[in-house]
Structure formats: structure tokens, C-alpha cells
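So the structure is just underneath, and the comments pick up after that.
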Amino acid sequence: MDRLFTGARLNDGSLRDIAVKDGRIAAISPSGSGPAAAETVDLGGALVVPAFVEGHIHLDTSFYGDRWIPHKPCTNGFNVHERVAFQAENMAAAAPMDERARNQLDLCIANGSLQMRSHVMVDGSVGLRSLETILKVREDYRGRIDIQLVAFPQNGILKSPGTPELLDAAIGLGADAVGGLDPASFDRDPQAHLNVVFGVAEKHGVDIDIHLHDFGTLGVFTIEEICARTTALGMQGRVAVSHAYGLGDLGADAAKKVGALIAESGVSIMTNAPGDHAFPPVALLRAEGVNVFAGSDNIRDSWWPYGDGDMLRRAEVVGYRSGFYTDDELSAAFDMVTFAGARALRLEGYGLDIGAKADFVTLDAAHVPEAVVAVPRNRKVFKEGRLVAENGRVV
């Protein structure tokens, strides 16, 4: 064995030895009975959990580590078009994109996220330049964090000339999935918008992750259209809808009905439980069988000044806003930043099982529910059994 981790506390309270070989978990044994290894690491009874899954982030537009940019409110309530315009203004004066992306990656790794899905702008306003930059950064961070990139048409598909062709080219360049943005309210033609998104996905055999900010019945209508296409094309488990604010505007009966449809189609729902919008009813959707996962979304950018890259704190925010109090409910919030995210991203070898990648985090907590409410800071982060961060710093 390459490395033996002793004194690992699992969520059930038991102490185990975890043996790692070639970056994967080779054995999990009762404490003191692990196999011989080239190196032994004593975890001292710390809680060991799978590395966090950052399910939705924007590496190209964060200003983390750059100068402080004061938030500029919309002139008349939340407006995606106006926020996009503010973002363009701020990006023009920001530090180089690769520098900001690296700052944000270091932040996320230090907090325990070793799997990530980042949306990167690909549309007529920026072409493929942002994607090319982030692809280089991803390559530099290979072995420290696994990153999926979504070609994201921030300025729309139909309203931004050349974007359908750019989305197609982005997949060939190295993007892992294709995105969309408010097919009804932004491009004003949901069928044509979704034709492009699903067409690119079907052509290249990639997954889909669509931003959907639309409220009320308009948002629900779009989700129903996405579910129908997902089922028709046999893409169950390969499509996600991010934000889905409209689900938070429904009464319980209507939410259950659409929740059953979402579950049947295998579409995942991502939420960061934002403070100023309705958001999907997590417990209700999970009860209907929907895979609901979480992400930071924006971190100190043109959309809001918040965000710390800590998915454990994101689990706390989701639980707090959802009214989660029991151990089962707190564990559900934790699931959203671990296993549910892994399902949505279709990650191979995720978890704390024999054969899984040895990507895990140690926490000063007795169990998962305590970790969600305490958000302990003194963590150790291991990628394929190698220490990559400790106490909030990348090593």
C-alpha cells in the first residue's frame, strides 16, 4: 500500500483505517488492523467525509482576490439583462482572468472541494477566448481538482450572433457540457433556444446544464419543456437545471406534480439557496425523487458580493433557508454538496468505498449533522491520498 490513514472516524462514529494505493481506496479496516503501507498518516479521530462537489461556479467572472468592486443594484428589481451589462463593465476593469480563476480555485480546494463544474462564457460577445483561458488553467490544476466546464451562453443564443456555432466549437475545444440561459425570457423563443442546446448535446454526446432564472409559471413551463426533451432523447441523468427559481413560487400540490415529472425525466436541479429569491423546495423535491444538488454560483462578482467557496457552509445555508433542523434534514443538506452533486456530474469513483478515488476531507466534528451546523475550519484535504490543503491553505 502507498499510504495508510489511521484513526479515521466515519459518520456512524466508528474508527477505521483507510488504505490507499495508486490514488484509490484499497481497503477500509477496523482501527488498528490496516495493512502495511509505505507511509502512515494518523488522522487522530477526525471525521472523514468525501471531498465536496462544487456543482455550479463561474471561474471566469469571479473577482475573488482582485480589488473590491462595490455591488451595483438593478434599477428596477432583479433583471438578468442588466446584470449581464454590469458584468461586462466590471470584467473590462478586472485583473487578468487566469489570475482570478486561480485565486478562486485555491479558495475552493482549501475548503475541500475537489470536484467542480464551472460555467464559462461562450457567446458572440467573447467568442471562445474565456474558454481557452480557463482550459489552460484547468490543465495547470490537473491532479489537484477535477473540473468540468460548461459552455455557457451568458448573452443568449439567439440574441448573440454566432453563438450556436461557438457552442458547437466549444465542445470540440474541450468543454464537457453545453449550457443555456432563460430560453423564454432572454431569447424569447424557448423552442429555438432548446433546439440548439439539445442539438449540440446530441451531436457530441455531452451533458446539459441550463441556467433558469424565470419565476412562476414561465419557469415551470420551461422546466416541463426541458424534461420532455430529456425523456424523448433518452438523456435521463445527463441534464441539469440550475437555479429553477420558479419551483419556489408554487404551492405544495403544484410543486409535487412538477417534481414527479422532473424525477421521472432524470433531470437534476441545482440551487445555492440565494437570499433574495424564491428557490426550489429542497425537501419536497427530494421526497418526489428529484436529485437536488448545490453550488456556490457567484463568488464576489457582478451578481453579488457574497461567497467563500466553502461547500460545507453552502450546506449550512441551504439547511438554514430550508428550515432543516433534524439530523436527517441536516444530512440531506450535506448530501447536496457531496453525493447528489456527484450524481448530477456523473462522477466516477466518488465516495468512501473500496475502489473509490481517495479524495476526502477531515473535519473536527463527531458526525455530519454537527459538521453542517458547526462548519469547522481546521480541515485537511486529500486528493488521491495526497495532502493538498490544510487549515484553509493550499499546500
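The values are calculated or read from the model by the stated rules, or taken from the named source; none is laboratory data. Source: prediction; values computed, not measured. All Cβ positions, glycine included, derive from the backbone under ideal geometry; neighbour counts span all protein chains shown. The area values use the complete protein model at the heavy-atom level, side chains included, leaving out ligands, DNA and RNA. Shrake-Rupley method; radii C 1.70, N 1.55, O 1.52, S 1.80 Å.
Conditions (1) in a loop (DSSP other than H, G, I, E, B); (2) of a type outside the set (Gly, Ala, Ser); (3) open to solvent by 10 Å² or more (accessible area, probe 1.4 Å); (4) over 22 Å from GLY143 (Cα atoms), marked per residue:
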residue: TYR325; (1), (2), (3), (4): yes, yes, yes, yes
residue: LEU330; (1), (2), (3), (4): no, yes, yes, yes
residue: ALA340; (1), (2), (3), (4): no, no, no, yes
residue: GLU348; (1), (2), (3), (4): yes, yes, yes, no
residue: VAL372; (1), (2), (3), (4): no, yes, no, yes
residue: ALA389; (1), (2), (3), (4): no, no, no, no
Matching residues in region 357-370 - criterion: being in contact (Cβ under 8 Å) with a residue 60 or more places away in the chain and surrounded by 17 or more Cβ atoms within 10 Å (Cβ to Cβ): LYS357, ALA358, ASP359, PHE360, VAL361, THR362, LEU363, ALA365, HIS367, VAL368
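Of all residues in region 21-39, which are on the phi < 0 side of the Ramachandran plot, surrounded by fewer than 11 Cβ atoms within 10 Å (Cβ to Cβ) and in contact (Cβ under 8 Å) with a residue 24 or more places away in the chain? Even if it seems obvious, please write down each step before you answer.
First, pick out the residues of region 21-39 that are on the phi < 0 side of the Ramachandran plot: 21, 24-31, 33-39.
Still in the running and surrounded by fewer than 11 Cβ atoms within 10 Å (Cβ to Cβ): 30, 33, 36, 38.
Result: ALA36, ALA38.
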Cβ-Cβ under 7 Å pairs, at least 6 apart or on other chains, region 144-173 side closer than 29 Å to CYS108 by Cβ and aromatic (Phe, Trp, Tyr), far side in a strand (DSSP E or B) and open to solvent by 10 Å² or more (accessible area, probe 1.4 Å): PHE152/MET121
Region 171-227, residues that are farther than 26 Å from HIS277 by Cα and of a type in the set (Gly, Ala, Ser): GLY172, GLY174, ALA175, ALA177, ALA192, GLY199, ALA201, GLY205
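Given the options SER185, SER265, name the one that is touching a His at 6+ places or on another chain (Cβ under 9 Å), under 30 Å from GLU165 (Cα atoms) and of a type outside the set (Lys, Arg). Before the answer, list the steps.
On the way: SER265 fails: touching a His at 6+ places or on another chain (Cβ under 9 Å).
Testing whether each residue is touching a His at 6+ places or on another chain (Cβ under 9 Å), under 30 Å from GLU165 (Cα atoms) and of a type outside the set (Lys, Arg) leaves just SER185.
Sort through ALA333, ALA358, ALA344 and tell me the only one that's more than 20 Å from VAL290 (Cα to Cα) and modelled with pLDDT of 95 or more.
Values: ALA333 fails: more than 20 Å from VAL290 (Cα to Cα); ALA344 fails: more than 20 Å from VAL290 (Cα to Cα).
Just one listed residue meets the conditions, ALA358.
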Positions within region 277-323 being more than 19 Å from TYR64 (Cα to Cα), in a loop (DSSP other than H, G, I, E, B) and not aliphatic (A, V, I, L, M), in sequence order: HIS277, PHE279, PRO280, PRO281, GLU288, GLY289, ASN291, GLY323
Top-ranked residue of region 272-321 - restricted to ones that are open to solvent by 10 Å² or more (accessible area, probe 1.4 Å) and small (Gly, Ala, Ser), ranked as nearest to the chain's Cα centre (by Cα): GLY307
Residues of region 40-70 satisfying the condition of being open to solvent by 80 Å² or more (accessible area, probe 1.4 Å) and either of a type outside the set (S, T, N, Q) or assigned to a loop (DSSP other than H, G, I, E, B) (or both): ASP42, ARG67, TRP68, PRO70
Pairs, first crowded, with 18+ Cβ neighbours inside 10 Å in region 3-14, second among the basic types (Lys, Arg) and at pLDDT 95 or above, C-beta under 9 Å, six or more apart: ARG3/LYS21; ARG3/ARG386; PHE5/ARG16; THR6/ARG16; GLY7/ARG16; ALA8/ARG16; ARG9/ARG16
Within region 159-215, tally of residues that are assigned to a helix (DSSP H, G or I), surrounded by fewer than 18 Cβ atoms within 10 Å (Cβ to Cβ) and in contact with a Leu (Cβ under 7 Å, 6 or more places away or on another chain): 4
Of all residues making up region 230-251, the number that are open to solvent by 50 Å² or more (accessible area, probe 1.4 Å) and not hydrophobic (A, V, I, L, M, F, W, C): 5
